[in-house]
Each structure stands twice: as C-alpha cells, then as structure tokens.
Amino acid sequence: MLSFQSCIECHQKFDLDEIIYRCGCGGLIEVKHGKFPSPLAGEGSGVRSEESGVWRFREVVLPVQEHEIVTHPEGNTRLYEREVLSRWAGVKQLYFKHEGENPTGSFKDRGMTVAVTQAKRLGQKTLACASTGNTSASLAAYGAQAGIKTLIYLPEGKVAPSKIAQAIAYGAEMHMIQGDFDTALTLVLEASKNEGLYLVNSINPFRLEGQKTIMWELFEQLDWTPPDWIVVPGGNLGNASAFGKAIQEGYEAGWFMKKPRIAVIQAQKANPFYESFLNGFRDFQPMKPDTRASAINIGNPVNYPKAKRVIQDLNGLVAEVTDQQIKEAKIQIDHSGIGCEPSSAATLAAVKKLVEQKSIHPNESIACILTGHVLKDSIM
Ligand SMILES: *Cc1c(COP(=O)(O)O)cnc(C)c1O
Ligand SMILES: [Zn+2]
C-alpha cells in the first residue's frame, strides 16, 4: 500500500495498520499518502461511498476496499451565504459551511467514519473516547452501525444534556468522570494502553484524515478557488491540524492554486493556544478551562504540536472571543435561520472582531466552519 503512518517529530515510519497514537519519541502520528489523484477521479462510479463527502476522497484519506467502509454516509454539507451576517461582521464575502448538518449533528462524523472503519478492519472489539459531547454521539452512532461496543468518558456536569441523550440512545456505555475533558482524555488514554481499547479521539490520526475533507469539499463548492481565510473554533485542535494538512496536500497536488490563511478561534476562558500564539509559540501552558461553549472547553489540547505548525506554515493566526461575544454572534446566526451551537458561533464573533482590529480586510473572502447543529447545545 502507498499510504503509511509517520511521526511528525522524528519521521519514523509505521505500517498503516499499526495501532499507534504516539511515537517512542513522544511525537504525534500522521498518515501520509503516496499518489494524489485528480480530485474528481472517483466521481460517478455509482458505488455507495461516492455519496459520502469523505469516502469520495478515499485514496488520500484511507485507501480501503468498498466493503470495508462504515459510512452513514456523511459530509456533502451545505455552504451558506447570508447578507445580514456579512453586514453584521463588516465584510463583503462570508460563507458558512455547516458541518452541523452531518448525520449526528457535528463535523465529528467526518473523522469518525474513518476511525471506525479502520477499527473494524483491524478487528477491534471495543472503541473508546473522552468527549465534550459530540465525539461521543458520533462514536456511539458509528460503533452501533459497525456492531462494535462503544465506551465513553464524559466530564460530569460539563456536557450538554442533548449530546448525552444522543449517545445513550445509540447504545454507548457511559462513564462520568469527576474533572474536565482533559482529565477524561488522560483516563481514556491510560485505559487504551492497559485494556486494549481502540481510541478514537483526535489523537487518532485517522480521525484527522476524515476531517481534511471539510476543506476539499469547501474548495470544490467554490470551484476550487479557496477563500482568503478559513475561520474555525479550536478546542483539541483536531480541525486546525486537519485543515492545514488538507490545504498543504491539495496545494502540492495541484488541486488549487492558493493557500488560504487559517484563523483558529478560542473562548477567552479556554485559550491556551491563543496565549501560546501571543508569545510566538515559545511556550505552552495548559490551563483550567471555563467557557459556556462546552465543545471548546478544553485546557490542554492534544494536537497542539500539529496546530502550531499549521499556524506557522500558513501565516495563520489565533484569536480569542468572550462568551458574551459568542452569545451575540450565535443570536445573529440563529436569527438568520441557519442556527448553530455556541462554539461554532465563535467563528462569526471573531470575524467581526478581527475586521475591527484590521487583522482581516473587509474585501477578503472568508469561510466560517459551523461545527455543530443548533439543537446540540441550546444553553448559552
Ligand atoms: C469538537 C468540537 C469543536 C472543537 O474541535 P477541535 O477539532 O477539537 O478543535 C468545536 N465545535 C464543536 C461543535 C465540536 O463538537
Ligand atoms: Zn518520533
């Protein structure tokens, strides 16, 4: 097979089917692919996976056989433009790619279809994750479809009730953890080492391969002309890492001629990546997070090393917004008829702020990634 895994620090190579989340040197693992086909090569072949916005790119996501794929299908989400929102933010061209319109209501389905497919190929018996809510709902659904047991670690009192209800409905086994998401992730990482659980948090490199397709699909919807900016909320920094990888890979393959810049947005009370950006990434301090935007209430993002490189390589930036600013932006998005969950609204809040600060020019084109559905988390 042309694809393999590799350490982002020491570049040691690993077989595609080896189960590994960290290299011996401590570095994160990424998936690499050999040949990039034309982006439209697979289209029109009539197979089911072509209905999936993820699997139609499968040669450069996870090159597997059709019958091995666990797909809902997912992806192929809509791209919205609303004049009221661009006016509110003070820009001319503002798009919203609504990943909340995935099967379980968040972008997590894009990565989960790939991670669960890989787990099933490898004959895994139990799948596990720590979650601020959406990862657990997505894992529960894809695990149910694959017929594999799912185990979920949630920070007690810090997950939106509708997300818990969703994971229970799909049949997951729930474990409530005292502490925050970061504690839950540490616990599940330990358990995966000791008890042979297959871990599907975004430290799993196959998750990020699926999430790359958000970018490719967005650019395809814009006739392969990327916007000037991608704006995305940052929690565990899986999307930021995946988007940067998708932009680099697609650009090198000649799929598009311009690399957009990325703005990663954090909530002010859960902003360790922003603080690190401010000091030129010289150091990184985990923190105790405390934002009402529960999906990004993370103080020790596991993908920090990958996301840092994305910001550096793509001349990106990291910004923070307050919970009050998130709330105001959410009202705008909801009242425009689109709707999203609080963490997603951090994108629009940040666009307005970055334009006022002159970090984004009003004439630049911008795509905000709405990460979750309006019904996911209605309390703000
Ligand atoms: C998981 C999630 C995030 C955070 O994404 P990361 O890739 O962990 O940075 C943001 N918004 C929503 C709705 C999420 O479910
Ligand atoms: Zn290494």
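Computed from the coordinates by the stated procedures, all read-outs in this text should not be read as laboratory data. A quick note: this is a predicted structure, and the numbers were derived from the prediction, not measured. Cβ coordinates were reconstructed from backbone atoms using ideal geometry, including for glycine residues, and neighbour counts include every protein chain displayed.
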Taking the dipole about the Cα centre of the chain, with the C-beta of Lys and Arg at +1 and of Asp and Glu at -1, give me whichever of Gly157, Ser3, Ile20 is farthest to the positive side.
Gly157
Per-residue HN-Hα couplings for the range 72-79, Karplus 6.51 cos²θ - 1.76 cosθ + 1.60 at θ = phi - 60°, whole Hz, x for Gly and Pro?
7, x, 10, x, 6, 7, 7, 10
Let me check the size of the chain from its C-alpha atoms; what are the radius of gyration and Dmax in Å?
19.0, 53
Which of the pairs Lys163/Lys306; Lys35/Lys245; Lys259/Lys308; Lys32/Lys212; Lys13/Lys35; Lys120/Lys193 have their Cα atoms more than 20 Å apart in this structure?
Lys163/Lys306
Under 8 Å for C-alpha pairs, at least 6 residues apart: give me the relative contact order for the chain, rounded to a whole percent.
18
Let me know the charge dipole size of the range 187-305 about its Cα centre in debye, to the nearest 20, where only the beta-carbon of Lys, Arg (+1) and Asp, Glu (-1) is charged.
280
Taking the number of other C-beta atoms within 10 Å as the exposure measure, put Lys149, Lys163, Lys97 in order starting with the fewest.
Lys149, Lys97, Lys163
Of the chymotrypsin sites (Phe, Trp or Tyr not before Pro) in the range 106-187, those whose Cβ has at most 13 other Cβ within 10 Å and which sit in DSSP loop
none
The range 265-328 and the range 57-91: distance between their alpha carbon centers, rounded to Å
24
Suppose a student asked you for the relative contact order of the range 246-324, using Cα pairs under 8 Å spaced at least 6 residues apart; what percent would you report?
39
Over the range 290-380, what relative contact order in percent results from Cα pairs under 8 Å that are six or more residues apart?
29
Once phi for every residue in the range 197-213 is put through the Karplus expression 6.51 cos²θ - 1.76 cosθ + 1.60 (θ = phi - 60°), the whole-Hz ³J(HN,Hα) values, with Gly and Pro written as x, are 7, 8, 8, 10, 5, 6, 6, 6, x, 6, 4, 5, 4, x, 6, 4, 5
Where does each of 84-93, 268-277 land if you order them by average Cβ count within 10 Å, highest first?
268-277, 84-93
So what J values fall out for the range 277-294 if you push phi through Karplus, 6.51 cos²θ - 1.76 cosθ + 1.60 with θ = phi - 60°, rounded to Hz, Gly and Pro as x?
4, 4, 9, x, 6, 5, 9, 9, 10, x, 9, 8, x, 8, 10, 6, 6, 4
